Structures are given as structure tokens and as C-alpha cells.
Amino acid sequence: MKPRRQRRSGIALLVAISTILILTVVVTELSYTARVRFVLAAHEKERVQAYWVSQTGINIYKLLLTASKEMEKNAGLGSVAGSFGINLGDALWQWVPIINTGLMRMIFASGGDVSDIEDEAIEEFKSSGKVSEEIEEQSREGGLFSDKNFLDFDGDFTAEVTDEDAKLNISLLGKANGRVQESAIGLQLFGLMSGEENDQWFRDRNLDRWDIIANLKDWVDPDTMGSGRSGGQEDSLYNNRDNPYLAKNAPLDTFDEVRMVEGWQDDVMERFAAQLTIHGMGKININTASDEVMIALIKAYVLPAPPDSECERLLQQIREYMWFASFKDGKDFSKWLTNQGLTVSDQLAGQIGDSSKTFRVVSTGMVGDTTVTTTAIIDYNQRD
């Protein structure tokens with residue numbers, strides 16, 4: 001009888017050990033799954049918080065831009081500022097091209113007088129973009145509504161505004177009739193791509209400027225016939241690719257879509273994308289245009305197109321003039337160029353606006369280890 005009891009004891013021990021092992025595995029798996037779900041939930045919470053923090057930057061710029069437009073509409077203020085060569089509609093947002101949590105916390109903590117903040121704190125902000133814990137706590141105190149300050153939140157944001165009306169609007173190629181070489185935006189794009197350095201750059205890549213401009217027109221215009229030198233069907237440019245597709249023949253939905261157009265791959269986009277947009281009405285604000293866009297307009301509409309050295313000289317004189325005044329409109333800019341002894345195309349005046357009405361705001365929210373970036377296009381063309 002004793003050996004049988006030993007065998008039974010051995011079996012019971014084996015069952016107990018097996019049960020403990022199974023339970024250990026189950027408990028470990030449940031614990032791991034619960035931990036993963038907790039971490040995912042925490043990350044999702046941070047992602048949602050970071051998104052709404054990023055919206056703070058966008059909403060602040062909406063406020064600044066709306067204030068700019070209202071100031072521009074004020075006849076009294078506008079006329080007084082205009083007498084000093086200042087366009088109020090463009091002034092306010094240009095004073096604050098970048099805004100972030102650290103900057104706002106410093107302003108609120110100092111009561112608007114940043115001279116009261118210690119030099120060490122200012123240097124720390126310049127180097128890291130962040131403020132000390134003391135300044136952060138001060139910025140959270142008080143508030144317009146009850147005891148809650150609108151800066152009393154976790155996380156940070158940084159936002160930047162750019163002027164879309166200071167760029168060349170490639171969406172207008174879809175409305176261009178006839179040869180692309182005769183369209184306003186076609187001439188402007190060719191002007192942007194002109195110059196001795198660009199000439200060599202395009203030769204090195206065996207690219208023809210008018211061809212890639214025509215390809216972009218073919219992508220957005222409604223017909224199916226190519227407008228480049230080779231003509232033919234637009235789709236023939238894309239049929240032989242590893243993953244073939246058709247020309248869109250419709251307006252661009254996103255700016256990155258341009259990369260799908262033949263000839264507009266990485267090199268071309270990296271070189272010229274910063275000066276291009278798909279938003280706005282196409283009127284270029286000459287007072288906010290970059291040097292590249294300014295030279296593009298000179299090369300497109302000054303007859304004959306001046307060499308690079310002359311363009312640089314004109315650009316320097318334009319910038320010196322703009323230290324003291326703004327150009328009122330396209331006629332004013334054309335007149336200035338004519339006064340320099342240049343022959344200017346009559347088309348130039350119609351391509352220039354007197355203020356900016358379309359803006360891109362990019363805001364990044366940061367909470368914990370999570371970062372969310374949101375982009376908003378703010379268009380005042382439909383709000384007048």
C-alpha cells in the first residue's frame with residue numbers, strides 16, 4: 001500500500017506544479033496585456049492632449065490675423081499708418097512670426113514687461129526655448145475667468161505663420177489658356193528657375209524648365225493632351241512606371257501631390273518648394289515676397305530679362321526703399337522699376353496685390369514624449 005500512496009503523492013505534486021506554472025503564465029500574460037493597454041491608453045491621452053495644445057497655437061494666430069485684418073479695414077488707422085508707409089493688415093502678424101509657450105509664459109509672468117525678468121532666465125529661454133519652473137508657475141497664476149489662467153495646462157506648443165500670398169500659386173496653371181509660356185504663372189515659374197546657377201543646375205540633371213512647368217499644367221488642367229514640346233497624351237508620362245497611374249486633370253488637393261508630377265521629384269521640390277503654394281487668389285504681396293520671388297518677378301516682367309548681377313542690384317535697392325515705405329500696389333511697383341530706367345511688361349501690375357489674405361499656420365503640441373503637428377490654412381479672401 002505504501003508505494004501506491006507515494007505514486008499518488010507524486011501525481012498530486014506534478015498536478016500542483018503544472019497548475020502553478022499555468023497560473024503563472026496566465027497571470028504574467030494578463031499583467032503584460034494590462035500593462036500594454038495602460039501604456040497605450042497613456043500615449044493616447046498624451047496624443048489627444050498634444051493635439052489640443054497644438055490648436056492653442058493655431059487659435060492664437062487666428063486671433064492675431066483677424067486683428068490685423070480688422071485694423072486694415074479701419075479707414076482712420078489705415079490712412080494714418082499708410083502715410084508712414086505701413087500696411088496695418090500685414091504689420092501685426094509680421095511682428096510675431098513665431099510664438100511658443102515659453103515666450104507667452106515669460107510675457108504673462110512679467111505682466112507684459114519682460115525687462116523685469118532676470119538675464120539668466122532670458123538666456124536660458126534663448127538657448128533652450130523653455131523657461132524656469134519659477135516663471136512657469138508665475139504664468140499659471142490668476143486669470144481673466146475665475147482662477148484659471150489659459151496658460152495653466154501641461155505641455156508646450158510652438159507655432160509659426162507663413163504668408164502664402166508671398167509665394168507663386170501653381171494652382172493657377174489649371175486656368176492657364178494656350179501655351180504655358182504665355183501664362184502669367186508660367187512666366188513667373190520660369191523666372192524663379194532662371195539665372196546662371198539654375199541654368200547649370202538644370203543642365204546637370206538633364207531637365208528642361210518649360211517641360212516640367214508644362215507637366216505641372218497638364219496635371220491640373222481638365223484636358224488629356226500634353227502641352228509640352230512633345231505633345232501627345234498626358235498619361236504617357238506615367239504609364240511605364242513600376243506602379244502606373246493617370247494624370248489627375250483636376251486641382252491639387254495637397255502640396256505634396258506635386259511630387260507625383262513628372263520632373264517634380266525630390267531635387268526640384270527641395271530647390272523651389274519654399275517659394276510655391278497652392279492656396280490663395282494668386283496676387284503676390286510684393287511687400288512680403290522673398291528675395292527669390294522678387295527676382296522671379298523681375299526676370300519674368302522686365303524686358304529683356306536682366307542678368308543676375310543687375311537683379312541683385314535692383315533687389316538691394318528695393319530692400320533699401322522698403323526700409324522706409326511699402327509699395328501700395330502693382331502699379332506702384334511697376335512705376336518704381338520704370339523709374340530705374342527699365343522696360344516693364346504691362347502684365348506685372350495685375351499680378352501684384354497690396355496685402356496678404358492667405359496664411360499657413362503650423363503648430364506643434366508637445367506633451368510628455370508625444371508630439372503632434374497640425375497645419376491650418378487661414379483664408380480671408382472670402383471674408384470681406
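If you check Thr370, Thr374 for being open to solvent by less than 30 Å² (accessible area, probe 1.4 Å), polar (S, T, N, Q), over 24 Å from Leu63 (Cα atoms) and under 22 Å from the mean Cα position of the chain (by Cα), only one passes: Thr370. Only one of the numbered conditions (1) aromatic (Phe, Trp, Tyr); (2) modelled with pLDDT of 95 or more; (3) more than 17 Å from Val258 (Cβ to Cβ) is not met by Phe150, and that is (2).
For region 287-311, a residue qualifies if it is touching a residue at least 12 places away in the same chain (Cβ under 8 Å), assigned to a helix (DSSP H, G or I), out of contact with any Gly (no Cβ under 8 Å at 6 or more places or on another chain) and open to solvent by 40 Å² or more (accessible area, probe 1.4 Å), and the qualifying residues are Asp291, Glu292. Only one of (1) part of a helix (DSSP H, G or I); (2) under 23 Å from Ala289 (Cα atoms) fails for Ile212. Which number is that? Condition (2) is where Ile212 drops out. If the condition is being closer than 13 Å to Ala300 by Cβ and among the acidic types (Asp, Glu), then region 347-368 contributes no residue at all. Just need a number here: residues in region 175-193 that are outside any helix (DSSP H, G or I) and crowded, with 21+ Cβ neighbours inside 10 Å. Residues flagged as outside any helix (DSSP H, G or I) and crowded, with 21+ Cβ neighbours inside 10 Å within region 175-193 amount to 1. For the residues Ala91, Ala81, the requirement of being modelled with pLDDT under 60 and either open to solvent by less than 60 Å² (accessible area, probe 1.4 Å) or under 24 Å from Val361 (Cβ atoms) (or both) singles out Ala81. Of the residues screened, Ala247 is not one that is under 19 Å from Trp210 (Cα atoms), surrounded by 14 or more Cβ atoms within 10 Å (Cβ to Cβ) and within 17 Å of the chain's Cα centre (by Cα). Give region 339-354 a look and list any residue that's open to solvent by 70 Å² or more (accessible area, probe 1.4 Å) and not in a loop (DSSP other than H, G, I, E, B), or say none. Scanning region 339-354 gives Asn339, Thr343. Among the residues of region 355-383, those that are assigned to a loop (DSSP other than H, G, I, E, B) and within 21 Å of Ile278 (Cβ to Cβ) comprise Ser355, Ser356, Lys357, Tyr380, Asn381, Gln382, Arg383.
Checking each residue in region 243-267 for being part of a helix (DSSP H, G or I) and of a type in the set (Asp, Glu) picks out Asp256, Glu257, Asp266, Asp267. Looking across region 228-242 at every residue that is free of Cβ contacts under 8 Å to residues at least 24 places away in the same chain and part of a helix (DSSP H, G or I), the one that is surrounded by the fewest Cβ atoms within 10 Å (Cβ to Cβ) is identified as Ser236.
Residues that are open to solvent by less than 70 Å² (accessible area, probe 1.4 Å), over 30 Å from Ala91 (Cβ atoms) and of a type in the set (D, E, K, R): does region 250-273 have at least one? Looking for residues that are open to solvent by less than 70 Å² (accessible area, probe 1.4 Å), over 30 Å from Ala91 (Cβ atoms) and of a type in the set (D, E, K, R), one finds at least one in region 250-273, hence yes.
Taking region 199-227 as the range and being closer than 30 Å to Asp308 by Cβ, free of Cβ contacts under 8 Å to residues at least 40 places away in the same chain and not charged (D, E, K, R) as the test, the residues that pass are Gln200, Phe202, Asn206, Trp210, Ala214.
Looking only at residues of region 312-336 that are under 22 Å from Glu182 (Cα atoms) and more than 29 Å from the chain's Cα centre (by Cα), we find that the one that is surrounded by the most Cβ atoms within 10 Å (Cβ to Cβ) is Ser334. Given the criterion among the hydrophobic types (A, V, I, L, M, F, W, C), open to solvent by less than 20 Å² (accessible area, probe 1.4 Å), touching a residue at least 12 places away in the same chain (Cβ under 8 Å) and closer than 30 Å to Asp90 by Cα, identify the matching residue among Leu168, Leu172. When all the criteria are applied, what remains is Leu168. Residues in region 32-70 that are hydroxyl-bearing (Ser, Thr, Tyr) and closer than 23 Å to Gly368 by Cβ were compared, and the one that is nearest to the chain's Cα centre (by Cα) is Ser54.
The values are calculated or read from the model by the stated rules, or taken from the named source; none is laboratory data. The structure presented is a predicted model; accordingly, all values stated were derived computationally and were not measured. A quick note on method: Cβ atoms are made from the backbone with ideal geometry, for glycine too, and the neighbour counts reach across all protein chains shown. For the accessible areas, the whole protein counts, side chains as well, though only heavy atoms, and no ligand, DNA or RNA atoms are used. Shrake-Rupley method; radii C 1.70, N 1.55, O 1.52, S 1.80 Å.
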